[in-house]
Each structure stands twice: as structure tokens, then as C-alpha cells.
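Beneath this line is the structure, given in C-alpha cells, with notes to follow.
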Amino acid sequence: MGINIALDGPSGAGKSTIARLTAQRLGFIYVDTGALYRSTALYAIAKGADLDDNKQIADLLSDLKLDLTYINSVQAVLVNGEDVSDKIRTPEVSMAASKVSAIPEVRAFLLDTQRNIAKENDIIMDGRDIGTVVLPDAQVKIFLTASAEERASRRFKELQEKGDASSYEEILADINKRDYNDSHREIAPLKQADDAVLVDSTSMKIDEVVEKIVSLAQKAKSETIKKNDDEAVKKKEHSRTDKSLMETRPITKMHKINPVRQFFYGIVRPFVRFIFKRWFVLSYEGLENVPNDGGNIFASNHRSYGDPVFIALNARVPISYMAKEELFKQNIFFTWLIKFWGAFPVVRGTGDTAVIDTSIEKLESGRNLAIFPEGTRSKTGEVGKGKNGVALIAAVAQTKIIPVGINFEGEKLCRKKRIIVRYGKPIIPSELGVTEASPKNVKKLKKEVMTAIKELVH
């Protein structure tokens, strides 16, 4: 859509002159709607129609063809191919135009033409109801007026130069009558739009009026360009934000751990817990939040190499862990051991989607999954921003996340170190409105997870 200037006002206010000069200054197209109505009135007069009979006027429209064109850089109005630009400026035609412009069929006949021009071009359009009816969304709306006496004086001078014998009194009477008709007609009466700028040109020069409108138009154009640029950026960001990173693959939670492995895990877990509780001063809070089934994600802050064990000691189902790739390049026994207990490698900072697939497979198999969103251990215990991995996996798998906070003082673990492990309330993606793995949703879910972890670390 171009920049549209709607210029309304009473007869004789100088709308046509002002509109033409403004269009020249701005390089806009001038659409003289008054000329269209005058041309329709002229056609009706030529056909001998009764101007008080709406049906007679409406019946003539099917044979009427109006065109706006430019002859020697001046806009001309053609009625069925004839240039009537001069003929439509007489008082008789002016009065007739006031009557025909109130006919619904005439207004509908001309409305689409006017709007279509405005959609595709920077235009200035003048008339009686441009800002209120024809172009209600115009970026600039002007209501141009002047006293009746001043308008009559201008029209009298104009007609004298063309050799018209009309008197000043006749013209003033005509203007007053037309003002009344235009403002009291039932359909689209002449009135100032609520958001239009009132310009009283009674004591203003033409170039002053033009300058004021040009200034308003230039400001509107700058604002429109900025608005369009902002909307383009928002649209681009919206598209990027709403585009799903991966298709969701909700886990079924129908698979169970191999009974033999589950039995072995059930024996080893209490034994390890016994040793850890003897070695550390270990306590747990929020055990009611630990699920009894598999297919869940435990998201925890990262304090030490013992964190995976701390998390698992109260989980009844084996847990798999993401572990940095370097750990799998240690001695063979250590590599076998961490794999046996469910660890699988991840290359940090690569965005490897295979890790997401492996994680979903672990969850689907009935295992739980432990992830440390921060990626690296914190020596001070301060929780960092976290990465998107845990939120992305949860969004894709549509499974709940149990936030975990591991607390102890100092940098290293040692015998008799007091350790508190807190399990928070499960975070369920669907309850947050996260039903797809879009960047926006992942960011939202990650924020929820990291906030929960921080609340558990104190």
C-alpha cells in the first residue's frame, strides 16, 4: 500500500488546487474525486435526467465510462472518451454533483475505482468523505476549510477569468446552499474525520497550505517506512521463532527395562547408597517428586563427578547420562564402566542431532535420563545460564523434567562432606503450552528449568 493523503472540505476551499500542487511537490498521483462526481452529474444533465430521481441517474451508470488521464502533464477527466475538464466547473454542474453524490448507486460506482488506485500508489485524493468513507485508513487526513465569504470570493475570481457571468452573490448563495446539502445528506455527509488535521486557509497563502500538508505527508511516509521495516523484522523473527527445530516424538512410556537389568540395578543401588551415606553426610529433600517409572528427565546443576550417582540413588529405574566425549577416551575399564551405567558421549558445542536421537531412544526404552544443562561443573556452586539441550529433548519427547539441586560447600568432595540433594516438582511441557520444539518454546522451557534449579540450590 502506498502513502494515502485524504483531503476533505467544503466546496470552494481550494481542495483541487492544493491537492494538485501537493501531488507535484511529493511526486504523488492526484485523484480528483470531485471531478468524477461532477462528470457523472454533467452526463446526467446531458441525458436530460431528473436529478431528483435516483433511479433515473442509477440507470444511466451502465453506459457511463469515466477515466482520469493526463494531457500535457495536467489531469483531464474523460466522459466516454470526451475531455470535459472545463465543462464540469460551472455552478450548475456543482449543484448537480452535490445531488448525484448522495445517490448510493453513484457512490458505489465510483468507490472501487478510487480505492484500487489508492492501494497501489502514493496518492492525494480530495473530496467530501475521503477520510471518513473512501480511505478511512489513510495515513494523512486533512480537513481543509475557509470562511464561506472567502471561498465565494475565490470562486468568483476564478469564474471571471474564464468569462463566466455569475455574480458574487450568486456564488456565495450557491456555496452556502451546497454546504448545507453536503453536511446534511444521509449518505456520507461532509464532516471532519476524528483523526484529521483541520487546516483553515482563510488567511493562508496557497504555498503555506501546501507546505503544511507536504510536511505531514513526509512525516507519515517516514513513520510508515519505519513501521514496515519493524514489521518485516518482527515477521522474520516470528518465522524463525515459530519454526520447529525438530518434530515432536512423544514417548509412549510403554517399554520397561529388561527384568534382569532391573533386578541387578535393584540390588546394586541400595549397596551404593549405603556406601555413599557412610562416606558423605548425605541427605535428600523432595523425594515425593521422584517418579517411580522411567522415561523422565532429571535436570541438575553440576558440582562434581559424583553428581550422576547422587541423582540416581533415589531413582527406582536406571538412568542414562550425557557425558562429554573425552571421558570415553580414558582407559578401557573406565569406558566400559560408564557405558555399563548408561552414559553415552556428546560432543559439546556441535549441536549434534544424533545426541537428541540417542536421548529419545533411551527415554523410549524405559530408562530415565540425567542432563546437566550448564554443561560444565561449577566450582563455586553458582548456577549458570544453562544450554538448550534439556529443554529441546523434553519438548521433542513431550516428557516431564524433574529439576535437581545438589548442594555442598567448597569446591571438592571429601569424606564427611555435607551434601543435600533436592528434587523439585516435575515440569511438564504441555502444561506450559510447549507442544512443539520451536526456538520460542525451547527458550521458555529452559528458563523454567533453570529457574527451578536455582531455587533448589541455596
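Read-outs throughout are calculated quantities, based only on the coordinates presented, and are distinct from any laboratory measurement. The structure presented is a predicted model; accordingly, all values stated were derived computationally and were not measured. Note that each Cβ is placed from the backbone with ideal geometry, even for glycine, and that neighbours are counted across all protein chains shown.
Annotations
- Bins of 5 Å from zero: percent of alpha-carbon pairs in the range 193-336: 2, 6, 9, 10, 11, 9, 6, 5, 4, 4, 4, 4, 4, 4, 4, 5, 4, 3, 2, 1, 0
- Efficiency of FRET from Cβ geometry, residue 230 and residue 376, R₀ 41 Å, rounded to 0.05: 0.60
- Across all Cα pairs in the range 135-213, the calculated P(r) in 5 Å bins from zero up to the longest distance comes to 3, 13, 18, 20, 20, 16, 8, 2, 0 percent per bin.
- Estimated FRET transfer efficiency when R0 is 41 angstrom, pair residue 333-residue 451 (beta carbons, to 0.05): 0.55
- The alpha-carbon positions of the range 84-202 define a convex hull whose volume is 122 Å³ per residue.
- Cα-only radius of gyration and Dmax that characterise the chain, units Å: 39.6, 118
- If you wrap the range 91-148 in the convex hull of its Cα atoms and look at it from every side, the mean projected area works out to 4.9 nm².
- Trypsin sites (Lys or Arg not before Pro) within the range 20-73, DSSP loop, no more than 11 other Cβ atoms inside 10 Å: 65
- Value of relative contact order over the chain, rounded to a whole percent, pairs C-alpha under 8 Å and six or more apart: 16
- Gained length - residue 365 relative to residue 121, 0.36 nm times residue gap less alpha-carbon distance: 81.6 nm
- Residue 222-residue 197 pseudo-label distance in nm [points 7 Å out on the Cα-to-Cβ vector]: 1.2
- Calculated FRET efficiency for the pair residue 431/residue 263, C-beta based, R₀ 51 Å, to 0.05: 0.90
- For the residue pairs 65/119; 15/221; 253/277; 329/387, the alpha carbons lie more than 29 Å apart in 253/277.
- Ellipsoid equivalent to the range 1-128 - semi-axes via the Cα gyration tensor, in Å: 24, 15, 14
- Amide N of the range 275-318 lying under 13 Å from the label point, which is placed 7 angstrom from the Cα of residue 417 along Cα→Cβ: 279-282, 302-310
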